[in-house]
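Asker: One structure, as structure tokens, below. Some questions next.
What follows draws every value from the coordinates through simple rules; no lab data is involved. Model, not experiment: these values are computed from the prediction. We place every Cβ from the backbone using ideal geometry, glycine too, and count neighbours over all the protein chains shown.
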């Protein structure tokens with residue numbers, strides 16, 4: 001996983017705040033769906049040759065939270 005500073009610098013605060021809130025509320029189902037959607041979006045963007053850097057960091061943070 002990328003270090004947390006890299007994630008905080010490249011993923012919008014609103015997204016991190018929402019992930020943290022869902023984790024605090026123990027809403028694992030929503031977090032798992034978010035991770036699944038994130039993975040699908042990464043594949044789509046890769047196929048379209050669109051930058052996925054921040055989305056990959058978001059995915060890594062979700063995986064970290066779901067451990």
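Asker: At what distance in nm do the modelled label points of residue 66 and residue 21 sit from each other, each positioned 7 Å from its Cα along Cα→Cβ?
Answerer: So the label points at residue 66 and residue 21 sit 2.0 nm apart.
Asker: For a quick protection proxy, order the peptides 31-39, 10-18, 54-62 by their average other-Cβ count within 10 Å, most packed first.
Answerer: 54-62, 31-39, 10-18
Asker: Describe numerically, in nm with one decimal, the distance between label points set 7 Å from Cα along Cα→Cβ at residue 5 and at residue 32.
Answerer: Placing both labels 7 Å along Cα→Cβ, they lie 3.5 nm apart.
Asker: With angles folded into 0 to 90 degrees, how steeply does helix 53-65 sit against the dominant principal axis of the chain? Use alpha carbons for both and round to 10.
Answerer: On a 0 to 90 degree scale, this one is about 30.
Asker: I would also like to ask the following. Counting each DSSP H run of 4 or more residues in the chain as -39500 (n - 2.57), what helix-only mean residue ellipticity at 222 nm follows after dividing by all residues, to the nearest 500 deg cm²/dmol?
Answerer: -24500 deg cm²/dmol
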